[in-house]
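Let me begin by presenting the structure, written as C-alpha cells, before commenting on it.
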Amino acid sequence: MSGVETVAVAADLHNVATIGLDLGGTKLAAGLVRNGKVLRRLETPTPLHLGPLLDTIESMVSDLQGSEQLAIGLGVPGPVVNGETTFFSNLQGLNDSKIEQVLAQRLGRPVAFENDANLAALAESRYGSARGTQHSVYLTWSTGIGCGLILNGEIFSGRTGMAGEVGHTRMGFSGTMDGSGTLGTLEAQACGAALARDASFVYGQPTSVPAIFEKMAGGDERATDLIRNAAAYLGRFLHNLQLLLDPEVVVLGGGLMTQASLLLPMIETERRRTRALHDFTPLRLSHLGPDAGIVGAAEFACQGDHQVRGR
C-alpha cells in the first residue's frame, strides 16, 4: 500500500529496541535504541542524492537489526508540512524526493518521520536536559539552524508543521539568502554553512568552521569578529524566543556547541542586552549530544497514533 496510515504501536514498545535515523546536512547517523539508551551507533557522511542515500540507510538498518524487523523512526533536516517533507535547505539534492515514502517502500515497512530538531527536542524532554519540564525548546546550531518545541510535554509543530523552522526567521532587511531563497534570515547570517561562506570570503580561500575556531584561538581578530557576529544573532533570537514563548528551559545542541565555552558568553552578552526581561530562561547544553536525534527518532517510532509512511 502507499500513502499515510495511522499505526497503533504496542504500549510496551519502549521495552524492545527500535532504530533511530538522524539525517543531517553533513552526517547520517543511525542507532539501536532502548529506553533512551543508544546500544549501538553508526555514522557516515550524508550521501547527497537519493539513490546512494537509500542504499546507505538500507545497509545501516540491516546491520543494526540483524534478522529482526524493528520499528524505525527518521529525523529529516527540514519541515514536515501536512504530513510530507517539502524542502531541505542544506540537502537540496533531496528536495521533492518524498524520501519518507521511497524509504518505506525500500525497507518494506512503515517509517515514522518528523523534523530532526523536533525529535531532538522530544529526546531531551524525555531523557535529557529538559527532563521534568513541560515547556522546553531545543535549538540546534550546526550546518543549519533548527528548533524543536515541546509544549505540554509533546511536540508542537503548528497548523501545517512549520512551527520551529526558526532558521528561516527574518532577522533584517538585508544580507544573503538562505537555502529557501529568503533574504536576511537567522540561518543565512549565523549557521555553520554561513560562517564558512563568510570566512572563505574574508580569507580569500575555502575556510572550514573548525579552521575559523583555530584562527580565533590563535588571536586572529577577523575570526573572532565572524564568530562574535554569528553568536550575536543567536543571542537576539533567544531574546525574541523568550518574549514569544517563555519556556522553562532552552537546550542548545548541534556541532557548533562543542565550542560552548567560547560561544555562550557571546550569546549571553547579546541576549541580555535588554530592559524588557529580568528573569531569563535558563540555557542548558544538550545532555544527549550527537545522540539526541537518534534517540528522538527511536522514541517517536515508539509512540502510538502518529502518521507513518506505509508500503
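The values are calculated or read from the model by the stated rules, or taken from the named source; none is laboratory data. Everything numeric in this text was worked out from a predicted model, so none of it was measured. Don't worry about glycine lacking a Cβ; one is built from the backbone with ideal geometry, like all the others, and counts go over all protein chains shown.
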Taking the condition of being of a type in the set (Phe, Trp, Tyr) and part of a strand (DSSP E or B), how many residues in segment 126-181 meet it? 2
Condition check: hydroxyl-bearing (Ser, Thr, Tyr), outside the structural domain of residue 295 (by TED's automatic domain parsing) and buried (at least 23 other Cβ atoms within 10 Å of the Cβ). Does residue 185 satisfy that? yes
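For every residue, the table says whether it meets (1) under 26 Å from residue 291 (Cβ atoms); (2) without any contact (Cβ under 8 Å) to a residue 40 or more places away in the chain.
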{"site": "108", "(1), (2)": "no, no"}
{"site": "121", "(1), (2)": "yes, no"}
{"site": "124", "(1), (2)": "yes, no"}
{"site": "141", "(1), (2)": "yes, no"}
{"site": "184", "(1), (2)": "no, yes"}
{"site": "191", "(1), (2)": "yes, no"}
Please specify each residue of segment 136-162 satisfying the condition of being among the small types (Gly, Ala, Ser), surrounded by fewer than 22 Cβ atoms within 10 Å (Cβ to Cβ) and either closer than 15 Å to residue 249 by Cα or in contact with a strand residue (DSSP E or B) (Cβ under 6 Å, 6 or more places away or on another chain) (or both). 153, 161
Segment 251-303, residues that are basic (Lys, Arg) and crowded, with 18+ Cβ neighbours inside 10 Å: 271
I'm checking my understanding of the structure. Among residues of segment 56-95 that are outside any helix (DSSP H, G or I) and among the hydroxyl-bearing types (Ser, Thr, Tyr), which one is modelled with the highest pLDDT? 67
Can you list residue pairs whose Cβ atoms sit under 6 Å apart, with the first residue in segment 269-280 being within 11 Å of residue 243 (Cα to Cα) and the second being in a loop (DSSP other than H, G, I, E, B) and at pLDDT 90 or above? Count only pairs 6 or more apart in sequence or on different chains. none
Listed by range, helices (runs of 4 or more DSSP H) wholly within segment 219-311 having at least 2 residues that are in contact with a strand residue (DSSP E or B) (Cβ under 7 Å, 6 or more places away or on another chain) and in the same structural domain as residue 19 (by TED's automatic domain parsing) are 292-302
Find all pairs meeting these conditions: Cβ atoms under 9 angstrom apart; at least six residues apart or on different chains; first residue within segment 194-218 and farther than 21 Å from residue 145 by Cβ and at pLDDT 95 or above; second residue assigned to a helix (DSSP H, G or I) and hydroxyl-bearing (Ser, Thr, Tyr). 206/200; 215/203; 215/224
Positions within segment 54-71 being aliphatic (A, V, I, L, M) and more than 15 Å from residue 43 (Cα to Cα), in sequence order: 70, 71
Any chance you could count how many residues in segment 33-60 are in contact (Cβ under 8 Å) with a residue 60 or more places away in the chain and either touching a Gly at 6+ places or on another chain (Cβ under 8 Å) or aliphatic (A, V, I, L, M) (or both)? 3
Take the residues of segment 111-125 that are part of a helix (DSSP H, G or I) and of a type in the set (D, E, K, R): which is farthest from the chain's Cα centre (by Cα)? 124
